[in-house]
Amino acid sequence: GLPRSRERGDALETLLPIILADGVDSALTWSDGITDEGLRGATLASIARHVSDEDPAKAADMIMSIEDDDSKFRALDDIAESWAKQDIDAAVAFANTLEPTLKAEAAEGIIRELASENPLEASQWMETLAAEGVNLDAAIHRFIWKANSTQPELAANWIGQMTDKRDAERNYHRFLGRWQSQDAEAANAWIANTELPKSIKRRFAPKTDQQR
């Protein structure tokens, strides 16, 4: 079989036009004959990505049929994002049917589109997911950099919700530095009124606040 590596992905991309030459159904039948679970999953994921632009619902069904978790996780983000570009409501409805780990992957793909169109709606959906115990770190990362130009306070408020506190601090550094350069008054007011890690307060709070 192909090695579990970048070479496998490259080989599949090369083979995909040949696999799909006789249509998607023929390609799926061919993939059923692959005995290596990982390779079969990677092949199904590649076929699903090909299908997603025209029929994201069918692509999602393909992804959910994959038994290899790694292949399923890697593809779900892409398929959900493709679906969200065409029909955000349908993509969100699909994501809401998934168990928490898969829901986190789908949310990562959907949030990029939803936050661009409606940051408030994106934030409300993330609040619902957070209440369900879904790990949103990847989705939050995408959200803050999509919503920062129109809803900087909303975006900044989500950084502290990241479970990876080192990643949160890195995002605070990038985000707050940019926000202060664009709108120092609003950024400084938010910093003054928000509980933040001490290192972030020291770095970004106005000098008058630091000297108190």
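Which residues, counting only those in region 24-55, are part of a loop (DSSP other than H, G, I, E, B) and open to solvent by 30 Å² or more (accessible area, probe 1.4 Å)?
The first filter runs over region 24-55 and keeps only residues part of a loop (DSSP other than H, G, I, E, B), leaving 33-36, 53-55.
Within region 24-55, 33, 35, 36, 53, 54, 55 qualify.
Would you point out the residue of region 195-212, among those that are outside any helix (DSSP H, G or I) and more than 26 Å from the chain's Cα centre (by Cα), that is modelled with the highest pLDDT?
The residue in question is 195.
Between 104, 115, which is within 20 Å of residue 133 (Cα to Cα), surrounded by 20 or more Cβ atoms within 10 Å (Cβ to Cβ) and not β-branched (Val, Ile, Thr)?
104
For region 122-189, give me every one of the helices (runs of 4 or more DSSP H) that falls completely inside it and has 1 or more residues that are open to solvent by 70 Å² or more (accessible area, probe 1.4 Å) and closer than 18 Å to residue 105 by Cα. Let's see the steps before the verdict.
On the way: elements: 137-147, 152-159, 165-182.
The helices (runs of 4 or more DSSP H) meeting that bar are 137-147.
Within region 115-128, track down each residue that is under 10 Å from residue 147 (Cα atoms) and either in contact (Cβ under 8 Å) with a residue 60 or more places away in the chain or among the hydrophobic types (A, V, I, L, M, F, W, C) (or both).
115, 120, 122
All but one of (1) out of contact with any helix residue (DSSP H, G or I) (no Cβ under 9 Å at 6 or more places or on another chain); (2) of a type in the set (A, V, I, L, M, F, W, C); (3) farther than 28 Å from residue 64 by Cα hold for residue 131; which doesn't?
(3)
The values are calculated or read from the model by the stated rules, or taken from the named source; none is laboratory data. In this text, all values refer to a predicted model and were calculated from it rather than measured experimentally. Neighbour counts run over all protein chains shown; Cβ positions are idealised from the backbone, glycine included. Areas reflect the complete protein model, heavy atoms only, side chains present, ligands, DNA and RNA absent. Shrake-Rupley method; radii C 1.70, N 1.55, O 1.52, S 1.80 Å.
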